[in-house]
Amino acid sequence: MFPLFVASASLSLLQVGLARPLDGSAFETFSHFYTTYGVSAHLGTWLGRSSVTFLPVRGFKLHLVALSVWTVVAFLNAVFLISTPMAFLLAFLVGIVGGSLYINVLARVREERENRAYRELGLGLVTAGDAGGAIVGGVLGAFAETIMCGSLVSGKRWCHRSR
């Protein structure tokens, strides 16, 4: 439950809270920028969820550490406006690790439970962590966006531009 919670919270925080404080000066409108940002995150998630047949994972510690580090770096990138292409890369990497965690946790629950009732209960509990992470990440993202757009003054940020 915890790995899916962290993966969903990281992806939600990344998409909800870190897009508007970024600099997307290469894009004409925020909708073009946000679409590209979202595609990079979702493409990574899709690749991560497709990886279970090629790279099955048993231990999740390395994934959780990588996910935490990349989320913190993405947050710092949003605060200090380091690079827009770096933001796309970080969204892609967080998506890959989050998707890989998601599918490998579900595969592990499915493999380890022999009794069908226990397997269904386990899948239900694990996916509750996914939903909880999405809620917590979205709320944290909304607060982070409000705080960053209110305190970080830069005309390059999307939250300070009219388009």
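The numbers here are math on the coordinates, done by the rules we state, and not lab data. Since this is a predicted model, take the numbers as computed values, not measurements. Cβ: placed from backbone, ideal geometry, glycine included. Neighbour counts: every protein chain shown.
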Any chance you could give the angle, 0 to 90 degrees and rounded to 10, that helix 84-112 forms with the longest Cα principal axis of the chain?
10 degrees
Limiting things to C-alpha atoms, what are the Rg and the maximum Cα-Cα separation (Dmax) for region 27-130, in angstroms?
16.3, 55
Highest first, please rank the peptides 52-65, 75-88 by the mean number of other Cβ atoms sitting within 10 Å of their residues.
75-88, 52-65
Relative to the longest principal Cα axis of the chain, at what angle does helix 61-80 sit, 0 to 90 degrees, rounded to 10?
10 degrees
Nothing charged except the Cβ atoms of Lys and Arg (+1) and of Asp and Glu (-1): what's the magnitude of the dipole of region 2-160 about its Cα centre? Round to the nearest 20 debye.
240 debye
Could you please state, rounded to a whole Å, how far the C-alpha centre of region 81-130 is from the C-alpha centre of region 7-27?
19 Å
Round to the nearest 10 and give me the degree value, 0 to 90, for the angle of helix 2-12's Cα axis relative to the longest principal axis of the chain.
30 degrees
Using the basic label-point model (7 angstrom from Cα toward the beta carbon), what is the R116 to S151 distance in nanometres?
5.4 nm
